[in-house]
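*Asks:* Take this structure, written in structure tokens, and hold onto it; I'll ask about it next.
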Amino acid sequence: MRRLTPLFRYGLLTLPLALAACGDFPQPMQGHPGRMGAILAHPPPQRLVVPVPGAALLADSSAKLFADDLAQALVDQTVPAFAQKRQRGDWVLGVSASMAGAQVTPSYIVTDPRGHVQGKEIGQPVPSQAWADGDPATLQAEATAVSPKIAALLSNIDAALKQSDPNSLYNRPPRLDFSNVTGAPGDGDTSLAREMRKDLPGTGLVLVDGKLESDYLMRAVVKKTTVNAQTDHIEITWIVDSENGKEVGRVTQLHDIPKGSLDSFWGDVAVIAAQEAAQGVKEVIDNNIGKKAPVPAGQKAGTKPPAS
């Protein structure tokens, strides 16, 4: 059996996914690893501040409570948000509100550190009396409801900024420093590394020698365990780290093989394993960059999604 398992992390968030297939070796290590089922797109700001909104039709104490609620709800969406005054270099989420009849509709504006508006979002209408009273449940419900939309807005802004930056990984090939393979029986360490170095450039990645030149780092670890008197279990894990050493993804290949069959030479097994893993590594990096997080049809990056 073979399984590919990409793993995306942002802070403490983990998204495990799997693709499995069975067959006689080496066939299980052939084929395209398939599309990822989830994408984690990082928001653009290093930190997003939510100042106490003075134009949200709330009393001072209620406005402060709402800023706290918004910041916490955004943190729950993996956005680095803080309920505090703006400082130099901060992105800002501004909040205002308008009244129509018996309802109040909150509005949200994202501005960059230069004060330029990068995107807008509209909240859901809420009863004006509950809003004016600063009802905690009403404020928290609005913060919880709008936070996924603001997180998506930030991702769209991020995509637009990256696409306009000629030096971003949207507009140039990622550079990868592949160190080595360790732990394989026989000549597996050498064979797998050699074949992977042949296959990675064909995916559009650029191999570099040295961490200082790289955008991503990769290494591989192989483990062999005994299943029974006739069978060994092989696990090949290709680990992709960011340039600062934080893991961003991994591709794992699993298979049961006749006992001792890879204790000497890997041959075509290394060729096929590397071909498949190279595609998986490329998908891990593309997903980390955010290239596979498309803006919905009919919507421009940096604008709010259509109302559902």
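The values are calculated or read from the model by the stated rules, or taken from the named source; none is laboratory data. What you see is a predicted model, and the numbers here were worked out from it, not measured in a lab. As a convention, Cβ positions derive from the backbone with ideal geometry for all residues, glycine included, and neighbour counts pool all protein chains shown.
*Asks:* Out of curiosity, is ALA220 outside the structural domain of ALA278 (by TED's automatic domain parsing) and either at pLDDT 95 or above or surrounded by fewer than 16 Cβ atoms within 10 Å (Cβ to Cβ) (or both)?
*Replies:* no
*Asks:* Let me ask something additional. Please indicate, with yes or no, whether at least one residue in the range 75-82 is touching an Asp or Glu at 6+ places or on another chain (Cβ under 9 Å), in contact (Cβ under 8 Å) with a residue 60 or more places away in the chain and either of a type in the set (S, T, N, Q) or surrounded by fewer than 18 Cβ atoms within 10 Å (Cβ to Cβ) (or both).
*Replies:* No: the range 75-82 contains no residue that is touching an Asp or Glu at 6+ places or on another chain (Cβ under 9 Å), in contact (Cβ under 8 Å) with a residue 60 or more places away in the chain and either of a type in the set (S, T, N, Q) or surrounded by fewer than 18 Cβ atoms within 10 Å (Cβ to Cβ) (or both).
*Asks:* For the range 50-69, does any single residue satisfy the condition of being in contact with an Asp or Glu (Cβ under 8 Å, 6 or more places away or on another chain), in a loop (DSSP other than H, G, I, E, B) and at pLDDT below 95?
*Replies:* Scanning the range 50-69 turns up no residue that is in contact with an Asp or Glu (Cβ under 8 Å, 6 or more places away or on another chain), in a loop (DSSP other than H, G, I, E, B) and at pLDDT below 95.
*Asks:* I would also like to ask the following. What do you reckon, is SER179 more than 27 Å from the chain's Cα centre (by Cα) and of a type in the set (S, T, N, Q)?
*Replies:* Judged against the criteria, SER179 is not a match.
*Asks:* Please enumerate the residues belonging to the range 239-288 that are hydroxyl-bearing (Ser, Thr, Tyr) and under 31 Å from the mean Cα position of the chain (by Cα).
*Replies:* SER242, THR252 - these are the residues of the range 239-288 that are hydroxyl-bearing (Ser, Thr, Tyr) and under 31 Å from the mean Cα position of the chain (by Cα).
*Asks:* For the range 157-167, does any single residue satisfy the condition of being among the small types (Gly, Ala, Ser) and crowded, with 17+ Cβ neighbours inside 10 Å?
*Replies:* Yes, there is a match, as at least one residue in the range 157-167 is among the small types (Gly, Ala, Ser) and crowded, with 17+ Cβ neighbours inside 10 Å.
*Asks:* Checking GLU142 against (1) surrounded by 21 or more Cβ atoms within 10 Å (Cβ to Cβ); (2) touching a Lys or Arg at 6+ places or on another chain (Cβ under 9 Å); (3) of a type in the set (Asp, Glu): exactly one of these is not met. Which one?
*Replies:* Of the numbered conditions (1) surrounded by 21 or more Cβ atoms within 10 Å (Cβ to Cβ); (2) touching a Lys or Arg at 6+ places or on another chain (Cβ under 9 Å); (3) of a type in the set (Asp, Glu), the odd one out for GLU142 is (2).
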